[in-house]
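The block underneath contains the structure these notes are about, expressed in C-alpha cells.
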Amino acid sequence: MTIKSLFLGQDLKNPLVLSAGILGVSASTMIRAYNSGAALVTTKSISIAPRSGHNNPTVIAYEKGLMNAVGLSNPGIDVFAEEIKKTRQKNIPVILNTIGGTPKEMADVAKKGESAGVDIIELNPSCPNVEHEKPYASDPKLLGELVMAVKKQVKIPVIVKLSPNVEDIKVIAKAAEKAGADGITAINTVGPGMLIDIASRKPVLDFKTGGISGPAIRPIAVRCVYDIYESVKIPIIGVGGITCANDAIEMMMAGATLAGIGSAVYYHDIGIFRKITEDMERWMKKNSCKNASELIGAAHV
Ligand SMILES: Cc1cc2nc3c(=O)[nH]c(=O)nc-3n(C[C@H](O)[C@H](O)[C@H](O)COP(=O)(O)O)c2cc1C
C-alpha cells in the first residue's frame, strides 16, 4: 500500500499540497510545512514589484469558514527569490504562485522563479488584467493569452488556478488546457462575501468584502473539480474546505490528483498534514486500496 503520488514529473511522498497564501510567505514556514507532512508547498501570490496589502483586519474566521481580503501583499519576486532558493536547498518541491497585471509581468515573475529553482509555476489569474480591466480568470480568451505568454518563457510545468466565481468553469479549464497549461488548481476563494459587526454597524473586514474559504466552500470545490475532470485531460490539484482525510479522499474521487490544504491550517495547526496522511493510509488499508492513484476520479462512472 502506498500513498506516494506523481504529479507532473514530481515524485511526492503523499498527495497533500500546502495551498497558496496560507504559510508560504518565507523559507522557514515553507520548510516547516514540508517537515510537518506537506509533499509540495505553494508560495503566496508573488508579483514583479512589491505590493502592500489591505489594512487589518484582513482575515476573519466565522462558524463555517474564513473570509480574507489580504490584498495579495508580497515583497516582489527579486526579494522572494532568496526564500525560494533556501527552500529548494532542502530539496523541497515548490510551486510558485504568480500574479501580474499583464501576461508579460506574470511571465517575467515565472522566469525569475524558474531561475530561483521552483519546480512548477501556478498562475493566479484572479487579479484584474490592467489592460482589459477584468480578471483573466473569467475570460477564456484572455486566460489563453496569459498561459501562452508564460509557457513561452519557462521550461518547467505551468498550472492555472481557477476561480469558482465564473459562469462555466469547464469552459475556462478547457481554454487553459488548449493554450498549453500542464495542470489546473481548483478552486480559489468563493465570493466576495461580507459579514457585519452589529455592535459597530460596520463590515468586519476593513476592505469590507473578502474571499470565502474553509468547510463552507467544500461542496463547491468538489463540484468544480468533478466538472473539470470531465472536461480536460491535464491533472488537477483540488482545494477548498478540506479539513480531514475523508475530505481529501473525496476530492481525489472527484478527480484531483493532489489535495490542497489552506484554511484547515488555521482551524487546526500545521500538524494537519501528518494527521490527514496517517488517516488516509488507515482508510486505504481498510478499503483494500493499494495505491493513492486508484482514488483519482473514482466517483466518475
Ligand atoms: C488567508 C488566505 C490567503 C490566501 N492567499 C492566496 C494567495 O496569495 N494566492 C492564491 O492563489 N490563493 C490564496 N488563497 C486561497 C487558497 O489558496 C485556497 O485556494 C482557498 O482558500 C480554498 O482552500 P481552503 O478552503 O483549503 O482554504 C488564500 C486563502 C486564505 C484563507
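Can you find, among 267, 288, 300, the residue farthest towards the positive end of the dipole of the stretch 258-301? Put +1 on the C-beta of Lys and Arg, -1 on that of Asp and Glu.
Final value for the positive-end residue is 288.
Which value in nm describes the separation of the simple spin-label points at residue 79 and residue 155, placed 7 Å from the Cα toward the beta carbon?
Between residue 79 and residue 155, the label points sit 3.1 nm apart.
P(r) of the stretch 157-270 in 5 Å steps, Cα pairs, percent per bin?
2, 12, 21, 20, 17, 12, 8, 5, 2, 1, 0
I'd like the antiparallel share, as a percent to the nearest 5, of DSSP beta bridges with both residues in the chain.
Details: 17 of 43 bridges.
Here the antiparallel bridges make up roughly 40 percent for the chain.
Only Cα pairs under 8 Å and at least 6 apart count here; give the relative contact order of the stretch 72-158 as a rounded whole percent.
Relative contact order here is 30 percent.
Taking the alpha-carbon distance from residue 275 and a cut-off under 20 Å, which lysines remain once sequence neighbours fewer than 8 residues away in the same chain are dropped?
Cα-Cα hits under 20 Å: 4, 13, 285, 286, 290.
Report D for the chain in µm² per second (integer): Stokes-Einstein, Kirkwood Rh on Cα pairs, 4 °C, 1.567 mPa s. Present the calculation step by step, with values, prior to reporting the outcome.
On the way: Rh = 19.0 Å.
In µm²/s, the coefficient is 68.
Which Cα, out of 198, 127, 107, lies furthest along the positive dipole direction of the chain (beta carbon charges, K/R +1, D/E -1)?
Value: 107.
Please list, ordered by chain and number, the residues whose modelled amide H lies under 5 Å from the amide H of residue 185; skip anything fewer than 5 residues away on the same chain.
For residue 185, whose amide H was placed from the backbone, the distant partners under 5 Å are 160, 161, 162, 237.
Using amide H atoms built in the peptide plane, which far-off residues or other-chain residues are under 5 Å from residue 37 H to H?
Close amide H contacts, sequence-distant or interchain: none at all.
Please list, in order, the residues from the stretch 1-38 whose amide nitrogen is less than 12 Å from a point placed 7 Å along the Cα→Cβ vector of residue 285.
1-2
Most mobile of 173, 186, 61 per a Gaussian network model of the chain (Cα springs, under 10 Å)?
For the chain, modelled as a Gaussian network with Cα springs under 10 Å, the answer is 61.
Cα to Cα, under 17 Å, and not fewer than 8 places away if on the same chain: which aspartates and glutamates meet these conditions relative to residue 174?
Cα-Cα hits under 17 Å: 122, 139, 145, 182, 227, 230.
Roughly how many debye, to the nearest 20, is the charge dipole of the chain about its Cα centre, given +1 on each Lys and Arg Cβ, -1 on each Asp and Glu Cβ, and no other charges?
Values: 34 positive and 29 negative charges, 91 e Å.
Here the chain has a charge dipole of around 440 debye.
Take the alpha carbon gyration tensor of the stretch 66-208, find the square roots of its eigenvalues, order them as a ≥ b ≥ c, and report rounded if a/c is under 1.5; if not, report prolate when a/b exceeds b/c, else oblate.
Note, shape of the stretch 66-208 comes out oblate.
Order these by the 10 Å Cβ neighbour count, fewest first: 185, 209, 277.
Exposure proxy ranking, most exposed first: 209, 277, 185.
Tell me the net charge near residue 97. Cut-off is 10 Å between Cβ atoms, residue 97 excluded, with +1 for each Lys or Arg and -1 for each Asp or Glu.
Cβ neighbours under 10 Å give a net charge of +1.
What's the long-distance tail for the stretch 23-120, i.e. % of Cα pairs beyond 15 Å?
Within the stretch 23-120, distances greater than 15 Å cover 61 percent of Cα pairs.
Round to a whole angstrom and tell me the spacing of the C-alpha centers of the stretch 117-183 and the stretch 11-44.
Rounded to whole Å, the Cα centres lie 22 Å apart.
Set the Förster distance to 22 Å, then compute FRET efficiency between residue 2 and residue 300 from the Cβ-Cβ distance, nearest 0.05. Walk me through the intermediate numbers first.
Details: r = 22 Å, r/R0 = 1.02.
It comes out at approximately 0.45.
Evaluate the distance, in nm, between pseudo-label points positioned 7 Å from the Cα of residue 194 and of residue 49 along their respective Cα→Cβ axes.
Calculated label separation equals 3.1 nm.
Would you list 250, 105 from fewest to most Cβ contacts within 10 Å?
The order, fewest Cβ neighbours first, is 105, 250.
Of the beta bridges DSSP finds with both residues in the stretch 24-181, what % are antiparallel, to the nearest 5?
40 percent
Tell me which lysines have Cα within less than 20 Å of residue 104's Cα, excluding those fewer than 8 residues away on the same chain?
44, 112, 134, 141, 151, 152, 155, 161, 178
Would you mind ranking 115, 36 by Cβ crowding within 10 Å, fewest neighbours first?
Details: 115 13, 36 17.
Least crowded to most crowded, the residues run 115, 36.
Readers should treat all values here as calculations from the given coordinates under stated rules, not as data from a laboratory. Remember, predicted model here, so these are calculated numbers, not experimental data. Neighbour counts are summed over all protein chains in view; Cβ atoms, including those assigned to glycine, are modelled from backbone coordinates with ideal geometry.
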